[in-house]
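Written below as structure tokens is the structure these notes are about.
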Amino acid sequence: RYFPHNRKFSLLVQYHIAFCLMQLGRDDEALVLTRMIHASFVSIFGVSNEETICAGLHVSTSLIKLERWDEAKSFLRDQLLPAAGRSLGADHHATLCLKTNLARALATNPTGTRDDLLEAETI
């Protein structure tokens with residue numbers, strides 16, 4: 001049953017659909033859906049909301065899985081990590097997961113530089 005008055009609930013249902021798509025190997029479709037979910041969270045709750053940041057974490061995970069390392073790095077560095085640091089703090093679980101994703105994007109990029117590997121190691 002659809003509850004039109006509860007947008008957050010419908011976004012969480014859509015996230016579960018995106019997760020199922022990832023599990024089925026339909027990563028491109030999952031990325032489209034996770035981006036839409038993140039954009040909806042941004043418009044409803046703002047960029048510094050914990051749920052918005054977690055939705056962004058899912059986008060970055062999808063980008064890394066699709067080997068879009070440069071896009072993942074810029075999304076994490078420019079949008080997610082600054083917001084997470086300000087609102088959640090450096091030791092929050094979501095912030096640490098974002099840093100882990102940044103390290104993965106830096107370390108697994110086959111065109112990455114030595115500096116990227118050193119940065120990934122320090123994260």
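Could you please give the count of residues in the range 45-59 that are closer than 18 Å to residue 88 by Cα and in a helix (DSSP H, G or I)? Talk me through it step by step, then tell me what you get.
To start, the set of residues in the range 45-59 that are closer than 18 Å to residue 88 by Cα comprises 45-58.
Of the ones still in play, those that are also in a helix (DSSP H, G or I) are 45, 50-58.
Of the residues in the range 45-59, 10 are closer than 18 Å to residue 88 by Cα and in a helix (DSSP H, G or I).
Of everything in the range 113-123, what is under 21 Å from residue 59 (Cα atoms) and assigned to a loop (DSSP other than H, G, I, E, B)? Give them in sequence order.
Hit for the range 113-123 is 123, nothing else.
Being acidic (Asp, Glu) and farther than 19 Å from residue 120 by Cβ is true for just one of 71, 51. Which residue is that?
On the way: 71 fails: farther than 19 Å from residue 120 by Cβ.
Step by step, each of 71, 51 is checked, and only 51 is acidic (Asp, Glu) and farther than 19 Å from residue 120 by Cβ.
Within the range 43-89, which residues are touching an Asp or Glu at 6+ places or on another chain (Cβ under 9 Å), open to solvent by less than 20 Å² (accessible area, probe 1.4 Å) and farther than 17 Å from residue 108 by Cα?
84
Which condition breaks for residue 120 when tested against (1) touching a helix residue (DSSP H, G or I) at 6+ places or on another chain (Cβ under 6 Å); (2) within 22 Å of residue 22 (Cα to Cα)?
Among (1) touching a helix residue (DSSP H, G or I) at 6+ places or on another chain (Cβ under 6 Å); (2) within 22 Å of residue 22 (Cα to Cα), residue 120 violates only (2).
Looking at the range 68-110, which of its residues are free of Cβ contacts under 8 Å to residues at least 40 places away in the same chain, outside any helix (DSSP H, G or I) and under 25 Å from residue 28 (Cβ atoms)?
Once the filter is applied, which keeps residues that are free of Cβ contacts under 8 Å to residues at least 40 places away in the same chain, outside any helix (DSSP H, G or I) and under 25 Å from residue 28 (Cβ atoms), the range 68-110 yields 68, 110.
Going through the range 12-35 one residue at a time, which ones are part of a helix (DSSP H, G or I), open to solvent by less than 70 Å² (accessible area, probe 1.4 Å) and either within 19 Å of residue 69 (Cα to Cα) or without any contact (Cβ under 8 Å) to a residue 40 or more places away in the chain (or both)?
13, 14, 21, 22, 27, 30, 31, 33, 34, listed by residue number.
Could you list all residues from the range 25-46 that are among the aliphatic types (A, V, I, L, M) and touching a Phe, Trp or Tyr at 6+ places or on another chain (Cβ under 9 Å)?
30, 33, 37
The values are calculated or read from the model by the stated rules, or taken from the named source; none is laboratory data. As the structure is a prediction and not an experimental result, all values here were calculated from the model. Note that each Cβ is placed from the backbone with ideal geometry, even for glycine, and that neighbours are counted across all protein chains shown. All accessible areas refer to the heavy atoms of the entire protein, side chains included, with ligands and DNA or RNA removed. Shrake-Rupley method; radii C 1.70, N 1.55, O 1.52, S 1.80 Å.
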